[in-house]
Amino acid sequence: MTAGKLVVIEGIDGAGTTTQTERYAEHLRARGLAVHTTRQPSRGPVGSFVRQALGGEVSLGGALHAPLMALLFAADRLAHLAAEIEPRLAAGAVVLCDRYDLSSIAYQTSTAPSELLASGEFEAWVRSLNRFARRPDVTLVVDVTPEVAERRRATRSGKPDIYEYKELQARLAALYREAERLAPGDAILHVDGDPSLDEVTRRIRAALDPLVLG
């Protein structure tokens, strides 16, 4: 059995990563590929706790919020790989993951207090927490302007998570455009996420198909 491929789709809140992950999965299944979709935080025990923290149900508070979240995300990632992702890859499936460690580096760096960022070591530390995580075969970043993402988030139902506020999302959008610096050595593609849903879907297929289907 040929080993599968790990494809990650990234972007800020409102970029449409969840929708586009499902759409690309349908596209691949229609071509006869075995596909497994998943996301981070995972549905596992650590990921469930992270989701509670993101929803404001659990307070990690204080100056150590960013490093605590970075540790939790890294732990969830390794558990997720072992329990769900690696077995599917070994069986030959294409695994489409909505977010991965690029999100951790971007979000935790953007929310860390200035005293942790002053030395420039915090970003490298977050990256190092994920050094045992399998590298994606390709990461596709859906670059969307903060204004477009904000309009899309406004149409959602439910309570926003702790990261869904305008100023942070603007910082994150700028960081995602520097994804190659945040994840040096990774294969990274970018698509413009501002156009219509269908147009973004078309662009994602054009970007990923040569690598996934080729």
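Assorted remarks:
- Filter result for the condition that a residue is within 24 Å of Thr37 (Cα to Cα) and touching a residue at least 40 places away in the same chain (Cβ under 8 Å), over Arg152, Arg156: Arg152
- In the stretch 12-59, the residue that is nearest to the chain's Cα centre (by Cα) out of those that are in a loop (DSSP other than H, G, I, E, B) and within 21 Å of Leu78 (Cα to Cα) is Gln40.
- Top-ranked residue in the stretch 104-133 [being outside any loop (DSSP other than H, G, I, E, B) and among the polar types (S, T, N, Q); ranked as nearest to the chain's Cα centre (by Cα)]: Ser104
- In the stretch 154-180, of all residues being touching a helix residue (DSSP H, G or I) at 6+ places or on another chain (Cβ under 8 Å) and of a type in the set (Lys, Arg), the one that is farthest from Val191 (Cα to Cα) corresponds to Lys166.
- Members of the stretch 193-208 that are of a type in the set (Asp, Glu) and either surrounded by 13 or more Cβ atoms within 10 Å (Cβ to Cβ) or over 16 Å from Gly14 (Cα atoms) (or both): Asp194, Glu199
- Candidate set from the stretch 1-11 (those that are outside any strand (DSSP E or B) and touching a strand residue (DSSP E or B) at 6+ places or on another chain (Cβ under 8 Å)); member that is farthest from Ile162 (Cα to Cα): Gly4
- Of all residues in the stretch 189-214, those satisfying the criterion of being without any contact (Cβ under 8 Å) to a residue 60 or more places away in the chain and either in a loop (DSSP other than H, G, I, E, B) or in contact with a strand residue (DSSP E or B) (Cβ under 8 Å, 6 or more places away or on another chain) (or both) are Leu189, His190, Val191, Asp192, Asp194, Pro195, Ser196, Arg203, Gly214.
- Breaking point among (1) of a type in the set (Asp, Glu); (2) part of a loop (DSSP other than H, G, I, E, B); (3) under 17 Å from Ser110 (Cβ atoms), for Asp186: (3)
- Selected residue (criterion: surrounded by the fewest Cβ atoms within 10 Å (Cβ to Cβ)) from residues of the stretch 3-31 that are more than 22 Å from Ala83 (Cβ to Cβ) and of a type in the set (Val, Ile, Thr): Thr19
- Filtering the stretch 60-77 to residues that are in contact (Cβ under 8 Å) with a residue 24 or more places away in the chain and either outside any helix (DSSP H, G or I) or within 25 Å of Val94 (Cβ to Cβ) (or both) leaves Ala63, Phe73, Ala74, Asp76, Arg77.
- Any hit, the stretch 32-43, residues being surrounded by 17 or more Cβ atoms within 10 Å (Cβ to Cβ), touching a Pro at 6+ places or on another chain (Cβ under 6 Å) and not β-branched (Val, Ile, Thr): no
- Qualifying residue in the stretch 160-181 (condition: over 23 Å from Glu57 (Cβ atoms), in a loop (DSSP other than H, G, I, E, B) and not charged (D, E, K, R)): no
- When each of Ala30, Ala15 is tested for being touching a Lys or Arg at 6+ places or on another chain (Cβ under 9 Å), aliphatic (A, V, I, L, M) and more than 13 Å from Val212 (Cα to Cα), the lone residue that passes is Ala15.
- One residue from Arg31, Arg51 being under 22 Å from Arg205 (Cβ atoms) and among the basic types (Lys, Arg): Arg31
- Options Ala149, Ala187, Ala173, Ala207: the member that is of a type in the set (A, V, I, L, M, F, W, C) and modelled with pLDDT under 95: Ala149
The values are calculated or read from the model by the stated rules, or taken from the named source; none is laboratory data. Since the model is a prediction, treat every value here as computed from it, not as a measurement. Counting neighbours? That spans all protein chains shown, and the Cβs are built from the backbone with ideal geometry, glycine included.
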